[in-house]
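Asks: First the structure, then my questions, so here it is.
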């Protein structure tokens, strides 16, 4: 498909732009992104088995109780590796989060499996 591109697809609608990372192998495309609708950032993962035409699967990568930012994702040999940074600090408008945080810590989650 020399020089041919698919029209952009929406992974998620939200109130603000967010960081995202993309990786692909064959017809499988994975997108790790910060959820734009959460008060405390969380890294989500969207998976397409149709070369990015549809994203059939969406899962939480980082979990609900962390401040996860700056997603990174790699797809190789049927294995998905998702990384992110945790600071322990929520967004400024989130009263449930502490106002000062620790040094950023990189955490990695590994999701394995195939279709």
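The values are calculated or read from the model by the stated rules, or taken from the named source; none is laboratory data. Computed from a predicted model, the values in this text were never measured in an experiment. Because the Cβ atoms are built from the backbone with ideal geometry, glycine has one as well, and the counts that use them run over all protein chains shown.
Asks: Would you confirm whether any residue within the stretch 89-101 is modelled with pLDDT of 55 or more and more than 14 Å from residue 31 (Cα to Cα)? First the steps, then the outcome.
Replies: Quick first cut of the stretch 89-101, residues modelled with pLDDT of 55 or more only: 89.
In the following step, the residues that additionally are more than 14 Å from residue 31 (Cα to Cα) were identified as 89.
Within the stretch 89-101 (the criterion being modelled with pLDDT of 55 or more and more than 14 Å from residue 31 (Cα to Cα)), the answer is yes, since at least one residue qualifies.
Asks: Of (1) surrounded by 19 or more Cβ atoms within 10 Å (Cβ to Cβ); (2) under 19 Å from residue 69 (Cα atoms), residue 29 satisfies all except one. Which?
Replies: Against the list (1) surrounded by 19 or more Cβ atoms within 10 Å (Cβ to Cβ); (2) under 19 Å from residue 69 (Cα atoms), residue 29 comes up short only on (2).
Asks: I want to confirm something. Restricting to the stretch 41-65 and keeping residues that are surrounded by fewer than 19 Cβ atoms within 10 Å (Cβ to Cβ) and farther than 27 Å from residue 7 by Cβ, which single residue is nearest to the chain's Cα centre (by Cα)?
Replies: Here the answer is 60.
Asks: In the stretch 33-46, how many residues are touching a residue at least 24 places away in the same chain (Cβ under 8 Å) and over 13 Å from residue 10 (Cα atoms)?
Replies: As a first pass, look at the stretch 33-46 and keep what is touching a residue at least 24 places away in the same chain (Cβ under 8 Å): 33-34, 36-37, 39-46.
Now drop any that are not over 13 Å from residue 10 (Cα atoms), which leaves 34, 37, 39-45.
Selection size over the stretch 33-46: 9.
Asks: Please work out if residue 19 is buried (at least 17 other Cβ atoms within 10 Å of the Cβ) and either over 24 Å from residue 85 (Cα atoms) or modelled with pLDDT of 85 or more (or both). If you could, list the steps in order and put the result at the bottom.
Replies: Details: buried (at least 17 other Cβ atoms within 10 Å of the Cβ): no; either over 24 Å from residue 85 (Cα atoms) or modelled with pLDDT of 85 or more (or both): yes.
For residue 19, the condition - buried (at least 17 other Cβ atoms within 10 Å of the Cβ) and either over 24 Å from residue 85 (Cα atoms) or modelled with pLDDT of 85 or more (or both) - is not met.
Asks: Still on this model: Restricting attention to the stretch 22-41, which residues are within 13 Å of residue 84 (Cβ to Cβ) and modelled with pLDDT under 90?
Replies: Here is the first cut: in the stretch 22-41, the residues within 13 Å of residue 84 (Cβ to Cβ) are 32-35, 40-41.
Within the stretch 22-41, 40, 41 qualify.
Asks: Give the stretch 13-28 a look and list any residue that's closer than 24 Å to residue 50 by Cβ and part of a loop (DSSP other than H, G, I, E, B), or say none.
Replies: 13, 14, 18, 26, 27
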